[in-house]
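Got a structure for you, questions after.
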Amino acid sequence: MGLIAENLAARRGEDLLFVDISFSLDEGGALILTGANGSGKSTLLRVVAGLLRPDSGSVSYTPQGGGEARPAGEAAHYLGHRNAMKPELTVEENLSFWKDFLGDAGGGAGLCVGEAAETVGLGGIAHLPFGYLSAGQQRRFAFAKLLVAWRPVWILDEPTAALDAAADRMFASLVSGHLARGGIVLAATHQPLGLEGAKELRMKGFAGTPQDRAA
Amino acid sequence: MGLIAENLAARRGEDLLFVDISFSLDEGGALILTGANGSGKSTLLRVVAGLLRPDSGSVSYTPQGGGEARPAGEAAHYLGHRNAMKPELTVEENLSFWKDFLGDAGGGAGLCVGEAAETVGLGGIAHLPFGYLSAGQQRRFAFAKLLVAWRPVWILDEPTAALDAAADRMFASLVSGHLARGGIVLAATHQPLGLEGAKELRMKGFAGTPQDRAA
Amino acid sequence: MMSLFLRDLKLSVRAGGGALIGVLFFMTVVAVVPFGVGPDLNLLSRIGPAIVWIGALLAALLGLDRLFQAERDDGSLDLILMQETPLALTVFVKCLAHWAGTGLPLVIASPLLSLFMNMNEVAIGAVMLTLLVGSPAITFIGAVGAAVAVALPRGGLLVSILVLPFTIPVLIFGVSATYAAVEDPAPFLPPFMILAALTLLFAALGPLAAAGALRQSSD
Amino acid sequence: MMSLFLRDLKLSVRAGGGALIGVLFFMTVVAVVPFGVGPDLNLLSRIGPAIVWIGALLAALLGLDRLFQAERDDGSLDLILMQETPLALTVFVKCLAHWAGTGLPLVIASPLLSLFMNMNEVAIGAVMLTLLVGSPAITFIGAVGAAVAVALPRGGLLVSILVLPFTIPVLIFGVSATYAAVEDPAPFLPPFMILAALTLLFAALGPLAAAGALRQSSD
Amino acid sequence: MSHTFYILASYLVAGAISLGLCLWVWLDGRARQREIAELEAAGHRRRSAAKTAGGEVA
Amino acid sequence: MSTTSLVLNKVTGLANPTRFLALCRSILPWMSGITALLFAVGLYMSFSSTSDYQQGYTVRIMYVHVPAAWLAMMCYSVMAVSAIGTLVWRHPLADVSHKAAAPLGAAFTLISLITGSLWGKPMWGTWWVWDARLTSVFILFIMYLGLIALNRAMDEPAKAARVSAVLILVGFVNIPIIKFSVEWWNTLHQPASVVRMDGPTIDPSFLWPLLVMATAFTMLFFTLHIAAMRNEIWRRRVTSQRRMAARMAGREE
Ligand code: HEM
Ligand SMILES: Nc1ncnc2c1ncn2[C@@H]1O[C@H](COP(=O)(O)OP(=O)(O)OP(=O)(O)O)[C@@H](O)[C@H]1O
Ligand SMILES: Nc1ncnc2c1ncn2[C@@H]1O[C@H](COP(=O)(O)OP(=O)(O)OP(=O)(O)O)[C@@H](O)[C@H]1O
Ligand SMILES: [Mg+2]
Ligand SMILES: [Mg+2]
């Protein structure tokens, strides 16, 4: 049930960044990754999202009502450092493209574009080209992307960098809402996210070269 | 004397973002800009740096020993979201290029490249290509760029986003050192920077949406 | 998938148009040749089909390197890779959109340029037809190059170089079909059918190979 | 300024080499032509100068759009704009470095390719000379386009459309000077002088215009 | 032009290219060795220098 | 050729990079010595050989042109074998081998192109024709350069090795085309007279200098190849140590 990662190890270039990381998250569970710069948080998230092949181990997601396990990436939203929006298109065009393209895993549980923009507190400016917005506004609309198509798992990489306090709160309430609906959240961060009851995983960074491990 | 901004106003697209912003900073003075996302912090910094034409008002810098006022940008370092370093070149090559290119406004008051690297705590790895470094290390060397060529005014846009705690402390000590030497610092931030005795300017912006303003 | 097609088309039309620059470049190339060769009309009409085809080939390659790089730069590629829909299908749709945005305008512009080259009506028709059938193959081949180059910090030109050798068969059959249409003894259909077969082949192989390369590249 | 020149040169030589790739692209383009036109040596040597010039133009244009965009992407452009030194001078130096890194190798490779086009010794010399004199103009014109492109958040390509027409005169005079050198009746000097004049003109105008565009662009 | 010219030219070209190649390989090797020496001097030793187990090429 | 099997050989300990470096140190001086000697003998023989009744003294161009052309093809074959090593056994030494060979192949191809042109001018009256043999060699040259450019543009060696291995194997079709083009299409170029099914048809007084020069070129190739592989291994060590240094510096705080 839920998201299960077993014995994950990954490398960048030649060095192993981490080994033997396992965790499991049930519906409504959240896991926060912390650690110094370069300790491998982003790498772990990309492994979970299926964007990077792990050196060993596996990640899978099993839906609540039963059904078979499948790659976690397919049931997940991934929000990286970049927002995956085209600056030339308006916010509306961007969002409705992703709504269509990502499809609705939960069968219509995603919000419509207007509602999502309201939810992130920027209802009035969804008609502007994405490129015209400030860094924080862009980030908010990137959150809106998570809302337009329902996916049980959210994978977030430093979601609140460059956000102001109000946006931080907004983000925290979005995440709690998602958890309350039975979602799962996995986030890497340097700042406290204001989530209660979330597990925390401290990354140490640098698990050594392959030789060290063999030895 | 020092940095003087008078009645600044600037717009993005059609909307005025701020009007009638004035401040003056003497040697050793610091001003922190805070405010919500989209309130115009980055815009104000770019106006002061001379990268954006203000709608009205002016900014000028008058050196300590007298001398005539000149555009603040020419006496300033600007550190934006991006680091202005080439990943293909080594840190040394990058830094010494900027040292040459920016010249030394204070007549040789800039550190040499090796010293600057020591100062940001990464003395041993200045011979590495910039692209090899982690995000946090890159940001540190971007600070080193401020040290190799002396400029009285530092304009910093969210300098500590995505830095870990150790780097935060190093940054605070750099800034105090600069202020102690009679420098001027202007910074926009969402997080406390740990500077004592700095003035603060809260940007109101127009709360994001054009409608709010019209209303 | 339809939404992907529409978005890509919109992007190529809106952002100042891959379409326009391609056509313009095409015209430049074709317009310069008469200056070189001189006003010898027979010679011009003789080399016309080849020049038009070469011009179209180069113009089609111009924007191709950004096909996936733009997606990577803003992070969209990650989301596309995570999708359940077969990646090859996504690539196929992107190729179609790219072709509609930049290849089709070339085909439409070709009769005009053929006129400059003093080609007769049959030859003009033949060039247009062969371009219509052959140019998608260039896009599909180019997609593989673009997918390989997505990992490169700045792969731009390299794509064209990797891709050009593979487009040579398309060029050869396209040109020879056109010549066959003009000169009576040679039959038109065989080279034309081979051209069509090449396009179909690359339409199947290209997206598969590109999808493979994209999977490799993600990091 | 010297440090800027050296840095840019280093960048173009070091990382995957704009130089090597440009030359390679040049070679591929020229090599493709005989496949289209057919291996007729007389014909090839007639259209040879035009083809070599077009290939060089294309190769020179392809990397040009990144001239300022790369600087903007990593934030260097802001610092360059804030400098006291006249911006036009900075642009001029950047153009020179770009030409030395990518244009000059093209000039050096051109004799080899001219041989493949079966051109005679005089024609080869003429092509090399005209390219040497004419190719900087392409860089200076392209710089304006690159500067305008950096301004628009949307639509980099739009600009190249504006730029391309300006390169046509360079191309035309370059090619016709070459032909004049080969065919006796036509005098070589007049078109060649015009070519040189064009280069000087654009060397003066280009950086100024580009500097203006860059100032506009900053936001 | 006489045949001698073509013969000499081809030997010269072949010689120049081969010598250039040798020189390049040699200089490249020297530069790499110097870099290794520099790294060693800076105190970055290969972590597996003592063991030299297989597997890694770099 | 013990060296090719060395590239291949994963089972014996020879394929271990560290041992490979040790081996290099001991055999490189010998190989360079032998190469120099062979060249001395070969050059002497080729300049003292008699002239051809048809081609006059220009036949001497053959002694560089033909070995260089052979080597250009052989180098590509070595790369293809290494490419299989990369894709099938995923052996890092194979990656190094085909990366190091590409510039050598390009140089040999360039020699054969230029000397061929220099021979063509007196013999055929033109520097260049677009016939099958010459065109396919030119394409080989472009392929070499393309592989070099690709390798230089990608900064992750393992990934670059896989991509270029695929390209090398795809491009291998060109090699038989080069070899048999003279028989399949009718061209200006001479058909094979040494390497053919029914034994050489060339006069022994030309054959001997040719063979010696060919051996000299082959030795030159292997010497340079081994040296270049060694350089490449060193380069990768430097890169990875630098990355490691960056990472350690990050950890010390
Ligand atoms: C640029 C032009 C040329 C190129 C690229 C070229 C390429 C080659 C190649 C690849 C081979 C090796 C073929 C094999 O092993 O089967 C070869 C062999 C040879 N070439 Fe050339 N060639 C050129 C010009 C010439 C010219 C002008 C001549 C003489 C008139 C010539 C005479 C020969 C001879 C005699 C052989 C040896 C054939 C044998 O005995 O197997 N080549 N050439
Ligand atoms: N594409 C890459 N190729 C090689 N090494 C990489 C690559 N990306 C990251 N690394 C290295 O992997 C290590 C972990 O990087 P990662 O981005 O996972 O760290 P992080 O914990 O997210 O750090 P930060 O807090 O700075 O975002 C770093 O040392 C970095 O240098
Ligand atoms: N290039 C642009 N064109 C038009 N409008 C812009 C542009 N850049 C920013 N804006 C608008 O200007 C306003 C202020 O942006 P600015 O980047 O100054 O905000 P900020 O205070 O720095 O916010 P953040 O905390 O998110 O960085 C925003 O509403 C944004 O939409
Ligand atoms: Mg990270
Ligand atoms: Mg900002």
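The values are calculated or read from the model by the stated rules, or taken from the named source; none is laboratory data. As the structure is a computational prediction, the values presented were derived from the model and not from experiment. Reconstructed Cβ throughout: ideal geometry from the backbone, glycine too, with neighbour counts over all protein chains shown. Keep in mind that these areas ignore ligands, DNA and RNA; they rest on the heavy atoms of the full protein, side chains included. Shrake-Rupley method; radii C 1.70, N 1.55, O 1.52, S 1.80 Å.
Starting from the range B:135-149, keep only residues that are of a type in the set (S, T, N, Q), then list their pairs with residues that are away from ligand 2 (no atom under 11 Å from the Cβ) and in a helix (DSSP H, G or I) whose Cβ atoms are within a distance under 7 Å, requiring at least 6 positions of separation or different chains.
Pairs that qualify, where the first residue is of a type in the set (S, T, N, Q) and the partner is away from ligand 2 (no atom under 11 Å from the Cβ) and in a helix (DSSP H, G or I), are B:Gln138/B:Phe130.
Failed condition for B:Ala49, given (1) touching a helix residue (DSSP H, G or I) at 6+ places or on another chain (Cβ under 7 Å); (2) modelled with pLDDT of 90 or more; (3) away from ligand 5 (no atom under 16 Å from the Cβ), with all others met?
(3)
Specify which of the listed residues (F:Leu28, F:Leu23) is at pLDDT below 90 and over 28 Å from F:Ile202 (Cα atoms).
F:Leu23
Can you tell me which residue in the range B:150-181 is farthest from the other protein chains (Cβ to nearest Cβ), limited to those that are open to solvent by less than 20 Å² (accessible area, probe 1.4 Å), in contact (Cβ under 8 Å) with a residue 40 or more places away in the chain and farther than 24 Å from A:Ala162 by Cα?
B:Pro152
In the range A:104-139, which residues are closer than 22 Å to C:Met1 by Cβ and either at pLDDT below 80 or within 14 Å of chain B (Cβ to nearest Cβ) (or both)?
A:Asp104, A:Ala105, A:Gly106, A:Gly107, A:Gly108, A:Ala109, A:Gly110
May I ask you to list pairs of residues, at least six apart or on different chains, whose Cβ atoms are under 8 Å apart, with the first in the range F:228-240 being free of Cβ contacts under 8 Å to residues at least 40 places away in the same chain and the second being open to solvent by less than 10 Å² (accessible area, probe 1.4 Å) and of a type outside the set (Gly, Ala, Ser)?
F:Val238/E:Leu39
Within the range B:1-17, which residues are outside any loop (DSSP other than H, G, I, E, B) and either under 16 Å from the mean Cα position of the chain (by Cα) or near ligand 3 (Cβ under 9 Å from one of its atoms) (or both)?
B:Gly2, B:Leu3, B:Ile4, B:Ala5, B:Ala10, B:Arg11, B:Arg12, B:Asp15, B:Leu17 - these are the residues of the range B:1-17 that are outside any loop (DSSP other than H, G, I, E, B) and either under 16 Å from the mean Cα position of the chain (by Cα) or near ligand 3 (Cβ under 9 Å from one of its atoms) (or both).
Then there's this: For the subset of the range C:27-49 comprising residues that are open to solvent by less than 40 Å² (accessible area, probe 1.4 Å) and facing another protein chain (nearest Cβ under 7 Å), which member is modelled with the highest pLDDT?
C:Ile47
Among the numbered conditions (1) more than 15 Å from ligand 2 (Cβ to nearest atom); (2) under 23 Å from D:Asp74 (Cβ atoms); (3) away from chain A (no Cβ under 12 Å), tell me where B:Ala188 comes up short.
Condition (3) is where B:Ala188 drops out.
Here are some conditions: (1) at pLDDT 80 or above; (2) within 16 Å of ligand 4 (Cβ to nearest atom); (3) more than 12 Å from every other protein chain (Cβ to nearest Cβ). A:Ala198 meets all but one. Which one does it not meet?
That leaves (2) as the condition not met.
Say we look at the range D:54-65 and pick out the residues that are more than 7 Å from every other protein chain (Cβ to nearest Cβ) and more than 10 Å from the chain's Cα centre (by Cα); which of these is most open to solvent (accessible area, probe 1.4 Å)?
D:Asp65
Oh, and also: Taking the range C:1-23 on its own, how many of its residues are within 18 Å of C:Ile138 (Cβ to Cβ), at pLDDT 75 or above and facing another protein chain (nearest Cβ under 7 Å)?
Matching residues across the range C:1-23 total 0.
Kindly indicate which of B:Leu3, B:Leu25, B:Leu33 is more than 16 Å from ligand 4 (Cβ to nearest atom) and more than 20 Å from B:Leu193 (Cα to Cα).
B:Leu3
Evaluate the following for A:Gly67: is it open to solvent by 10 Å² or more (accessible area, probe 1.4 Å), more than 14 Å from chain B (Cβ to nearest Cβ), in a loop (DSSP other than H, G, I, E, B) and away from ligand 1 (no atom under 16 Å from the Cβ)?
So A:Gly67 passes the test.
Restricting to the range B:128-142, and then to whatever is outside any helix (DSSP H, G or I) and among the hydrophobic types (A, V, I, L, M, F, W, C), can you tell me which residue is farthest from ligand 3 (Cβ to nearest atom)?
Step by step, filter the range B:128-142, then rank; the result is B:Leu128.
Being at negative phi, within 13 Å of ligand 2 (Cβ to nearest atom) and open to solvent by less than 50 Å² (accessible area, probe 1.4 Å) narrows it down to one of A:Leu51, A:Leu25, A:Leu3, so name that one.
The unique qualifying residue is A:Leu51.
Mind listing whichever residues of the range A:79-92 are closer than 12 Å to A:Phe141 by Cα, open to solvent by 10 Å² or more (accessible area, probe 1.4 Å) and more than 7 Å from every other protein chain (Cβ to nearest Cβ)?
Answer for the range A:79-92, where residues must be closer than 12 Å to A:Phe141 by Cα, open to solvent by 10 Å² or more (accessible area, probe 1.4 Å) and more than 7 Å from every other protein chain (Cβ to nearest Cβ): A:Thr90, A:Glu92.
If we keep just the residues of the range A:191-205 that are under 25 Å from B:Ala36 (Cβ atoms), more than 16 Å from ligand 2 (Cβ to nearest atom) and in contact (Cβ under 8 Å) with a residue 24 or more places away in the chain, which is surrounded by the most Cβ atoms within 10 Å (Cβ to Cβ)?
A:Leu195
Among the residues of the range A:30-53, how many are free of Cβ contacts under 8 Å to residues at least 60 places away in the same chain and more than 24 Å from F:Met248 (Cβ to Cβ)?
Residues meeting the conditions: 3.
Sticking with this one: How do the helices (runs of 4 or more DSSP H) wholly within the range F:92-199 filter down when requiring 3 or more residues that are surrounded by 20 or more Cβ atoms within 10 Å (Cβ to Cβ) and at pLDDT 90 or above: which remain?
In the range F:92-199, the matching helices (runs of 4 or more DSSP H) lie at F:92-124, F:132-153.
Going by what's in this entry, would D:Leu24 be described as open to solvent by 10 Å² or more (accessible area, probe 1.4 Å) and either in a helix (DSSP H, G or I) or among the acidic types (Asp, Glu) (or both)?
Criteria not met by D:Leu24.
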